[in-house]
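Colleague: Mind looking over this structure? Questions follow.
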Amino acid sequence: MAADGTLSGILVEDGEGGWAQYEMNFAEWLYRYLSGEDMAGPNTSAFYPGPVQLRRLPMTADERPEPWSGPERGM
């Protein structure tokens, strides 16, 4: 809880009705989740060692989705 009495941090639902509260900002939570930590309950990590696969969505009817990869994660 912040000094002014407001709640800080984030709440995470585990997919089965359970909740967890984390006293951190979303960017830190997401980094830790993608780094392999269980951040929404047991066995909830999402570690992918390779680069993130992305796709640019078409902006017109004539364009096709263009896949591309993010940088190497070094993990």
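Colleague: How long is the gain from Asp38 to Glu66 if the chain were fully straight, where each residue apart is worth 0.36 nm and the alpha carbon distance is subtracted? Mind dumping the intermediate values first?
Modeller: Working: separation 28, 0.36 × 28 = 10.08 nm, distance 3.19 nm.
Roughly 6.9 nm would be gained on extension.
Colleague: Additional query: Could you derive backbone 3J(HN,Hα) for region 29-42 from the dihedral phi with the Karplus parameters 6.51, -1.76 and 1.60 (θ = phi - 60°), listing whole Hz in sequence and x where the residue is Gly or Pro?
Modeller: Couplings: 4, 5, 4, 5, 4, 6, 7, x, 7, 7, 9, 9, x, x Hz.
Colleague: How high is the relative contact order of the chain, in percent, counting Cα pairs under 8 Å that sit 6 or more residues apart? Each step should come with its number before you reach the end.
Modeller: On the way: 97 pairs, mean separation 13.6, N = 75.
Averaging sequence separation for qualifying contacts and normalising by length gives 18 percent for the chain.
Colleague: Still on this model: Rounded to two decimal places and with Rh computed the Kirkwood way over Cα pairs, what is Rg over Rh for the chain? Working shown, then result.
Modeller: Working: Rg = 17.2 Å, Rh = 15.2 Å.
For the chain, the value is 1.13.
Colleague: Mind putting a number on the dipole of the chain about its Cα centre? Charges go on the C-beta only, +1 for Lys and Arg and -1 for Asp and Glu, and I need it in Debye to the nearest 20.
Modeller: Working: 5 positive and 12 negative charges, 64 e Å.
About 300 debye.
Colleague: Label point 7 Å out from Glu13 along Cα-to-Cβ: which residues of region 27-50 have amide N under 16 Å?
Modeller: Within reach of a label on Glu13: 40-41.
Colleague: Right, something else. Of the peptides 9-22, 32-45, how do they stack up when ordered by the mean number of other Cβ atoms within 10 Å, highest first?
Modeller: On the way: 9-22: 12.0, 32-45: 14.5.
For the peptides 9-22, 32-45, the packing ranking is 32-45, 9-22.
Colleague: Then there's this: If we count every other residue with Cβ under 11 angstrom of Gly41's Cβ, Lys/Arg +1 and Asp/Glu -1, where does the sum land?
Modeller: Details: positive: none; negative: Glu13, Asp14, Glu16, Asp38.
Around Gly41, the charge tally is -4.
Each reported figure results from applying straightforward, stated rules to the coordinates on display, with no laboratory input. In this text the structure is predicted, and so the values were computed from the model without any measurement. Virtual Cβ from ideal backbone geometry, glycine too; neighbours counted across all protein chains shown.
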